[in-house]
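Trainee: Below is a structure I'd like to ask you about.
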Amino acid sequence: MNQTAEYSLSKVPEVTLVFWIIKIAATTLGETGGDTVTMTLNWGYLAGTLLFFSALVALVAFQIVARKFRPFLYWTTIIASTTFGTTMADFADRSLGIGYTGGSSILLLCLLATLGLWYWSLGSISVDTVNTPKVEVFYWAAITFSQTLGTALGDWMADSTGLGYEGGAVVFGAALAVVAAAYYWTKVSRVTLFWAAFILTRPLGATVGDFLDKPVNHGGLALSRPIASAVIAAFIIGCLLILPQRAGSHPKVSETVA
């Protein structure tokens, strides 16, 4: 009996440089888009959170029902998760009074619990295995917690440490550079590095988004949130139309009789 390797396509994109470019842009859009609804349109954090949560649930359902990887659907769902993460973190930190440190700690525990349950249930937390409804539920739960955690970390770094938005962007950019160096020059688990990078790109996008739309006296550029959101959205659409996006894959072993 011989074993032959086959490849099963994932319903999420292959992790390449293009993936990370779009991911950072999507997280920045999540920050400016979330602030547009909660602040510019004066919906408030609770109403904004409910709006984006509803959109996220609907999009995740469409993503699970889809039979294959669809780039626009996938990235729209990512953007919904990052805008929900923005408003949810702001609601918890500011409206509920938990604070940036408390919010970040709670969200970190939620993310670790989700990843731990995922690994315990299926034996892997690799994104290359996202091709069944059960795995997709774990995947999107982990994505949403990581996005919300990233927002809280970005706000904590910018406000609580006194570094401001520019300083926070530098810190998270440097941390991502360390992760990239570990990817190319060490044998650290690629799955671990992926989730570390995924978490870190969120606060980087959050600090960049805040830098674009916050008032000058708060360290920002005071740009219009709707305009900034429209420009970033156009950039993401351009990337999806021009740059290649293909589904990830993972090997599965099948047995054949010799």
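Trainee: What are the residues in the stretch 56-90 that are of a type in the set (Phe, Trp, Tyr) and either within 16 Å of Glu136 (Cα to Cα) or surrounded by 19 or more Cβ atoms within 10 Å (Cβ to Cβ) (or both), if any? Break it down into steps so the answer makes sense when it comes.
Mentor: Quick first cut of the stretch 56-90, residues of a type in the set (Phe, Trp, Tyr) only: 62, 69, 72, 74-75, 84.
Those that are of a type in the set (Phe, Trp, Tyr) and either within 16 Å of Glu136 (Cα to Cα) or surrounded by 19 or more Cβ atoms within 10 Å (Cβ to Cβ) (or both): Phe62, Phe69, Tyr74, Trp75, Phe84.
Trainee: Something else now. Looking at Gly154, Gly168, which one is in contact with a helix residue (DSSP H, G or I) (Cβ under 8 Å, 6 or more places away or on another chain) and over 18 Å from Met88 (Cβ atoms)? Steps first, please.
Mentor: Values: Gly154 fails: over 18 Å from Met88 (Cβ atoms).
When all the criteria are applied, what remains is Gly168.
Trainee: Has the stretch 48-57 got at least one residue that is at positive phi and over 15 Å from the mean Cα position of the chain (by Cα)? Before the answer, list the steps.
Mentor: Within the stretch 48-57, the subset at positive phi is none.
No, the stretch 48-57 contains no residue that is at positive phi and over 15 Å from the mean Cα position of the chain (by Cα).
Trainee: Which of the residues belonging to the stretch 49-83 are among the small types (Gly, Ala, Ser), part of a helix (DSSP H, G or I) and in contact (Cβ under 8 Å) with a residue 40 or more places away in the chain?
Mentor: So the first thing to find is which residues in the stretch 49-83 are among the small types (Gly, Ala, Ser), and the list is 54-55, 58, 61, 66, 80-81.
If we keep only those that are part of a helix (DSSP H, G or I) too, we end up with 54-55, 58, 61, 80-81.
Result: Ser81, single match.
Trainee: Can you tell me which condition Lys68 does not meet? The list is (1) over 30 Å from Pro244 (Cα atoms); (2) at pLDDT below 90, and all the others hold.
Mentor: Checking Lys68 against (1) over 30 Å from Pro244 (Cα atoms); (2) at pLDDT below 90, the one that fails is (1).
Trainee: Which ones in the stretch 153-170 are under 18 Å from the mean Cα position of the chain (by Cα) and modelled with pLDDT of 80 or more?
Mentor: Leu153, Trp156, listed by residue number.
Trainee: Do you know which of the residues in the stretch 106-119 that are exposed (fewer than 14 other Cβ atoms within 10 Å of the Cβ) and over 21 Å from Val188 (Cα atoms) is modelled with the lowest pLDDT?
Mentor: Leu109
Condition check ((1) in a helix (DSSP H, G or I); (2) in contact (Cβ under 8 Å) with a residue 12 or more places away in the chain; (3) β-branched (Val, Ile, Thr)) across all residues:
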residue	(1), (2), (3)
Gly154	yes, yes, no
Asp159	yes, yes, no
Gly162	no, no, no
Phe172	yes, yes, no
Val178	yes, no, yes
Pro203	yes, yes, no
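Trainee: Would you point out the residue of the stretch 96-122, among those that are of a type in the set (A, V, I, L, M), in a helix (DSSP H, G or I) and over 19 Å from the mean Cα position of the chain (by Cα), that is nearest to Thr49 (Cα to Cα)?
Mentor: Per the criteria, the residue is Leu117.
Trainee: Does the stretch 131-152 include one or more residues that are farther than 19 Å from Ala61 by Cα, outside any loop (DSSP other than H, G, I, E, B), modelled with pLDDT under 90 and hydrophobic (A, V, I, L, M, F, W, C)?
Mentor: yes
The values are calculated or read from the model by the stated rules, or taken from the named source; none is laboratory data. Predicted model only: the values in this text are computed from it and were never measured. So basically every Cβ, Gly included, is an ideal-geometry build from the backbone, and we count neighbours across all protein chains shown.
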